[in-house]
1. So Arg90 passes all but one of these: (1) in contact with a Gly (Cβ under 8 Å, 6 or more places away or on another chain); (2) more than 18 Å from Ile171 (Cβ to Cβ); (3) part of a strand (DSSP E or B). Which condition number does it fail?
2. Step by step: first the residues of region 98-153, then only those that are touching a helix residue (DSSP H, G or I) at 6+ places or on another chain (Cβ under 6 Å) and among the polar types (S, T, N, Q), then the one that is most open to solvent (accessible area, probe 1.4 Å). Which residue is that?
3. Among the numbered criteria (1) surrounded by fewer than 19 Cβ atoms within 10 Å (Cβ to Cβ); (2) free of Cβ contacts under 8 Å to residues at least 40 places away in the same chain, which single criterion is violated by Ser28?
4. Considering only region 147-161, I want to know if a residue exists there that is modelled with pLDDT under 95, in contact with a Cys (Cβ under 9 Å, 6 or more places away or on another chain), under 24 Å from Ala77 (Cα atoms) and hydrophobic (A, V, I, L, M, F, W, C).
5. Can you work out which of the residues in region 156-197 that are surrounded by fewer than 20 Cβ atoms within 10 Å (Cβ to Cβ) and among the β-branched types (Val, Ile, Thr) is nearest to Met94 (Cα to Cα)?
6. Could you say which residue among Asp131, Asp153 is acidic (Asp, Glu) and farther than 10 Å from Trp91 by Cβ?
Amino acid sequence: MRFILASASPARLTALRSAGIDPEVIVSGVDESTVTEESPGRLCRALAKAKAKAVAADISDGYVLGCDSVLEFDGEACGKPTAPEDAISRWKAMRGRSGILHTGHCLIDTSRERRLIRSSSTTVHFADLTDREVTDYVASGEPMRVAGGFTIDSLGAPFIERIDGDPGTVIGVSLPLLRHMFIAWGVTMAQLWNVKV
């Protein structure tokens, strides 16, 4: 069974592998700046769909998973910071407050020409960082590579006080949601495991 992750995210790949799924990785090359939607929730789903469709177009028999994450903060959609100054400004606004991380999932079965699009949302409560912590974290470069400018599974973990929801949503792929999507097609998680028993 061929399973393709249409994402360059190492965190998504690690999460899937930890769950026994070792997908092929094909990066979509979608220009995210060309996709617009009226809300962060709709935007993450539209981006996930665009990525999955771009990769699925060249796959004749397999499952293709596209994912994308968007932080909703003060009602606005926040993707990856555009520059270190942007990341510093964003973190100074977020510290001591909370936002909602939305992750869109688009699963395409290319052999049967069917598609499911879902999203999950998790509230993230940010620690009240000092100015020094903000500048040190941004200087690490990590905030520039991830949606919202933070992680919960790497250098940013100490700066997240707690989350309300599925941690996988924040990492970039919700495994419980993915399970439900496959169940809708009669596919069990065990069928996706690459482990030898």
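The values are calculated or read from the model by the stated rules, or taken from the named source; none is laboratory data. These numbers were taken from a predicted model, which means no experiment stands behind them. Cβ coordinates were reconstructed from backbone atoms using ideal geometry, including for glycine residues, and neighbour counts include every protein chain displayed. Heavy atoms of the whole protein, side chains included, go into the accessibility calculation; ligands, DNA and RNA do not. Shrake-Rupley method; radii C 1.70, N 1.55, O 1.52, S 1.80 Å.
1. (3)
2. Ser119
3. (1)
4. Yes, region 147-161 contains at least one residue that is modelled with pLDDT under 95, in contact with a Cys (Cβ under 9 Å, 6 or more places away or on another chain), under 24 Å from Ala77 (Cα atoms) and hydrophobic (A, V, I, L, M, F, W, C).
5. By that ranking, first place goes to Ile160.
6. Of Asp131, Asp153, the one residue that is acidic (Asp, Glu) and farther than 10 Å from Trp91 by Cβ is Asp153.
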